[in-house]
Amino acid sequence: NTRPAANSIIQPGFKFEDMGIGGLDKEFSNIFRRAFASRVFPPGLIEKLGIQHVKGILLYGPPGTGKTLIARQIGNMLNARPPKVINGPEVLNKYVGQSEENIRKLFADAEKEYKEKGDESGLHIIIFDELDAVCKQRGSTGGGTGVGDSVVNQLLSKLDGVDQLNNILLIGMTNRKDMIDEALLRAGRLEVHMEISLPDESGRAQIFKIHTAKMRQNNVIENDVNPEEIARLTKNFSGAELNGLVKAASSFALQRHTKVGTMATVDPDVVNMKLNRQDFLNALE
Ligand code: ATP
C-alpha cells in the first residue's frame, strides 16, 4: 500500500505540556515516533518510502496509569474525529448475539468517509478498553458463549480489511497483555506495543501538580503543600490514585468548615477555604 498520508495533521497550537498527562513524556514521544510520525510526514513521502501507516497500537500496564488519557490525547493531537470507545466486558455482556454488528458499526463511519474522501478523510480512532476480556474466551473449551471469538475474528477481518484504508487507528488497552490473542498483535494489526507503568517519583510529582494546578491558580491551596514531598509519600500510587488523594484531601479541607449536628451546616467562611499539608496527610492515612 503506497497511498499518501491520510489527512491528519497535528492540531495547530497543540502543546505537549497542555495534555494533562504527567510522567509519561518518554512513552508519549516513543509512541509518536513509532506509530504516528508517518501521519504528519509531508504528502508524498509515504509514497516514496512505500510504507504503510500503523493501524493499531496496544497500550498495556496497571490500571489507572493514564492509558485512556493517552489514547484520547493522541486523537486530539492528530486532529482526529471524536474517538469511538468500546469496552471488552460490555461487548461480551451487553451485545450478546449482535457483537459482530457492533464491531461493524464501529468501523462504518471511517469506511464511509474513506470511500467519499479517500486520503482527504479525517483520522478515525477506535479505543478498545479491556481488550483482554474478549480474548479470554477465544479457543477456550470452558463453555463460553463464543462471543469473544467472534469479536476477535471480526476485529481481525476489519484490521486486515482496512488495508486499503488509511484513516483508521485502533487503540487496544489492557492490564493483561499476556491474555491478548497473538493474532491481534501481528504486523499490520496492533503492531506497536507500549507499556504504561506506574509513575516514578518525579512522575508522581508532575501528576500531582497537574491535579492541583487549578487550586494553585485559584489560590485555594497553602504553600506548605509540596508536590515533591507528596511524591515521596505515595510510592506505588497510580495517577488515578493521586487524583483520588487530591479529592480526599479536598473533603478534609471542606470538613473543617462543616458542622454536623442534627443537620449539616456549612460555615459561611468556607469561601476562604484552603487545602493544607495536613489535609493531604489525613487523606493519605
Ligand atoms: P484503566 O486500565 O483502569 O482503564 P487507565 O490506565 O486507562 O486505567 P486512565 O483512565 O487514563 O487510566 O486514568 C484515570 C484517571 O487517573 C485519569 O482521568 C486522570 O485523572 C488520572 N491519571 C492517571 N494517570 C495519569 C497521568 N499519567 N497523568 C495525569 N493524570 C493521570
Whole-percent carbon and sulfur share, accessible surface of the chain, 1.4 Å: 50
Kirkwood Rh in Å, taken over all unlike Cα pairs in segment 213-278: 13.2
Those lysines that a straight Cα-Cα span of less than 21 Å connects to Lys214, excepting residues fewer than 8 apart in one chain: Lys15, Lys247, Lys274
Gain upon complete extension [Leu254, Glu222; 0.36 nm per residue less C-alpha separation]: 10.1 nm
Neighbour net charge for Val192 - beta-carbon separation under 11 angstrom, K R +1, D E -1: +3
Linear extension gain, Asp267 paired with Phe41, 0.36 nm per residue minus alpha-carbon span: 75.5 nm
Backbone N within segment 36-78 under 19 Å of label point (7 Å from Phe16 Cα along the Cβ vector): 36-41, 66-78
Neighbourhood net charge (12 Å Cβ-Cβ; Lys/Arg +1, Asp/Glu -1) for Ile210: +2
Qualifying trypsin sites (Lys or Arg not before Pro) for segment 205-242 [loop in DSSP, other Cβ within 10 Å: at most 11]: Lys235
For segment 51-104, alpha-carbon Rg over 2.2 N^0.38 Å: 1.38
Hydrodynamic radius (Kirkwood) for the chain, which is based on Cα pairs only, to one decimal in Å: 21.2
Protein-only accessible surface order, largest first, of Asp178, Asp129, Asp269 at 1.4 Å: Asp178, Asp269, Asp129
For segment 28-140, Kirkwood radius (reciprocal of mean inverse C-alpha pair distance, Å): 16.0
Heavy-atom accessible area per residue - the chain, 1.4 Å, Å²: 51
Taking the C-alpha atoms of segment 167-267, convex hull volume expressed per residue in Å³: 201
Probe 1.4 Å - accessible area at Leu69, Å² to nearest ten: 90
Length added when fully stretched, Arg277-Arg104, from 0.36 nm per residue minus Cα-Cα: 57.1 nm
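The values are calculated or read from the model by the stated rules, or taken from the named source; none is laboratory data. This is a predicted model, so every value here is computed, not measured. Cβ coordinates were reconstructed from backbone atoms using ideal geometry, including for glycine residues, and neighbour counts include every protein chain displayed. These area figures cover heavy atoms from the full protein model, side chains too; ligands, DNA and RNA do not enter into them. Shrake-Rupley method; radii C 1.70, N 1.55, O 1.52, S 1.80 Å.
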